[in-house]
1. Any idea which of PHE369, PHE302 is modelled with pLDDT of 95 or more, of a type in the set (Phe, Trp, Tyr) and in contact with a Phe, Trp or Tyr (Cβ under 9 Å, 6 or more places away or on another chain)?
2. List every residue pair whose Cβ atoms sit under 7 Å apart, with the two residues 6 or more apart in sequence or on different chains, where the first one lies in the stretch 179-190 and is closer than 18 Å to ILE306 by Cβ and the second, anywhere, is surrounded by fewer than 20 Cβ atoms within 10 Å (Cβ to Cβ) and of a type outside the set (D, E, K, R).
3. Restricting the stretch 159-177 to residues that are assigned to a helix (DSSP H, G or I) and among the acidic types (Asp, Glu), which is modelled with the lowest pLDDT?
4. When you look at LYS164, is it of a type in the set (Lys, Arg), in contact with a helix residue (DSSP H, G or I) (Cβ under 8 Å, 6 or more places away or on another chain) and under 24 Å from ARG61 (Cα atoms), yes or no?
5. Can you pull out every residue in the stretch 93-112 that is outside any helix (DSSP H, G or I) and in contact with a strand residue (DSSP E or B) (Cβ under 7 Å, 6 or more places away or on another chain)?
6. If you take the residues in the stretch 45-65 that are under 18 Å from the mean Cα position of the chain (by Cα) and small (Gly, Ala, Ser), which one is nearest to LEU81 (Cα to Cα)?
7. Scan the stretch 356-368 for residues that are part of a helix (DSSP H, G or I), hydrophobic (A, V, I, L, M, F, W, C) and surrounded by fewer than 21 Cβ atoms within 10 Å (Cβ to Cβ) and jot them down.
8. Specify the residue that is farthest from the chain's Cα centre (by Cα); the eligible residues are those in the stretch 1-44 that are among the aromatic types (Phe, Trp, Tyr) and over 13 Å from LEU55 (Cβ atoms).
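The values are calculated or read from the model by the stated rules, or taken from the named source; none is laboratory data. This is a predicted model, so every value here is computed, not measured. Virtual Cβ from ideal backbone geometry, glycine too; neighbours counted across all protein chains shown.
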Amino acid sequence: MKSINEISFNGKKVFIRVDFNVPFNDSGEITDSSRIVAALPTIEYVLSNGGSCILASHLGRPVGKDTELSLKKIIPELKKLLRKDVMFLEDSTGPQTKETCSNLQNGEIVLLENLRFYKEETKADIGFAKELSSLADIYINDAYGTTHREHASTATIAQFFDEKAPGMLLEKEIGSLKKLMEKPNKPVTAIIGGAKVSSKISVIANILGFVDNLIIGGGMAYTFIKNNRGRIGDSIFEADRLKDCSEILSKAKHENVNVFLPEDILCSNEFSNSGLQKVTNIYEVPEGWQGLDIGPKTMEKFEQVILGSSTILWNGPMGVFEIPSFEKGTHAVAKAVAKATQSGAYSLIGGGDSVAAITKFGLQNQVSFISTGGGAMLESLEGKLLPGINALSQ
């Protein structure tokens, strides 16, 4: 796979698949522009090396054309961040698009309309991919969050280019996972949280091959405790995943991986900020009560494990951190990860909730790397070869 630094962009038109799938509020304002900001280094590199940029992305999951999901809404923010003019094309393909792109001058930028307005995009249609490829000389994929999708603009298109490479962001994403999965500094600790065991089973099974410690928190912990014959009251759990928990614990023992489950939890008689609350042993949750965060003993235990680690993966919160009463456990883990990083550990944060949490607590600049791809990162951790990355090597 080529690096972007090995390609000459002078006088070339460059098709850059970016990820501008950003959130908006009811007033149509972008509430988090981090994905746009993450793409800027690649765009600026191409421009500063004499190229022009044809930017392509999706936004949401439209069924046909939907003005609410037009990428035209991105233009003001993109112009502000780049401090340059950005042209917008109402169509991703067609004669007008082809003509505008063919007349692009060095240093100019054009943004195509939402690729998912075209059903051919998600069907990985070869004709659509070929038409998109005809707009440019070089292909760059910098949209890690879509590399697990075999779509026209992320996988099919690459075959039509002699010169192709990952962008700077994608290169960092690939490098961060290699650092974690191939030759990590030991000991390695994985902190896996979130609501459901089912969404992380394959990930946990695969990472047991290279981690030393596995911390399990969040809603999924109650399925493990239920499997261990604990009384969990009304806490969330997945009855059909008990066997999976047994297999994970058995494999961890076989691989000499230390598994850390919560000991105490903060529970409530309501899923809200206003219900009664108490700390209890996780194996003895009263009926009518549900665990919504880890307790103080567990926070202390998890912190000790994290601070003793040289490499850390964090995916998933320890509780319902969106509710202020139940954010302390996730906050404690976030602070421990940041503290370990300051002491020389390598920390990789991935998954929407983990990223939201570390940002909420203002610690996003105190960790080594924050992944931009939730689903893509999970599939990488499962050991899968992602279509969007594989296509760059063909």
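1. Values: PHE369 fails: modelled with pLDDT of 95 or more.
PHE302 is the lone residue from the list that is modelled with pLDDT of 95 or more, of a type in the set (Phe, Trp, Tyr) and in contact with a Phe, Trp or Tyr (Cβ under 9 Å, 6 or more places away or on another chain).
2. PRO184/PHE210; ASN185/SER310; LYS186/SER310; PRO187/GLY308; PRO187/SER310; VAL188/PHE210
3. For the stretch 159-177, the residue satisfying everything is GLU173.
4. Considered against the rule, which asks whether it is of a type in the set (Lys, Arg), in contact with a helix residue (DSSP H, G or I) (Cβ under 8 Å, 6 or more places away or on another chain) and under 24 Å from ARG61 (Cα atoms), LYS164 comes out as no.
5. LEU104, GLN105, ASN106, GLY107, GLU108, ILE109, VAL110, LEU111, LEU112
6. Taking the stretch 45-65 first, the residues under 18 Å from the mean Cα position of the chain (by Cα) are 57-61.
Right, trim to small (Gly, Ala, Ser) and you get 57, 60.
Values: SER57: 17, GLY60: 22 Å.
Per the stated criteria, the residue is SER57.
7. Just the residues of the stretch 356-368 that are part of a helix (DSSP H, G or I), to begin with: 356-360, 364-366.
Okay, now just the ones that are also hydrophobic (A, V, I, L, M, F, W, C), so 356-358.
Once the filter is applied, which keeps residues that are part of a helix (DSSP H, G or I), hydrophobic (A, V, I, L, M, F, W, C) and surrounded by fewer than 21 Cβ atoms within 10 Å (Cβ to Cβ), the stretch 356-368 yields only ALA356.
8. PHE9
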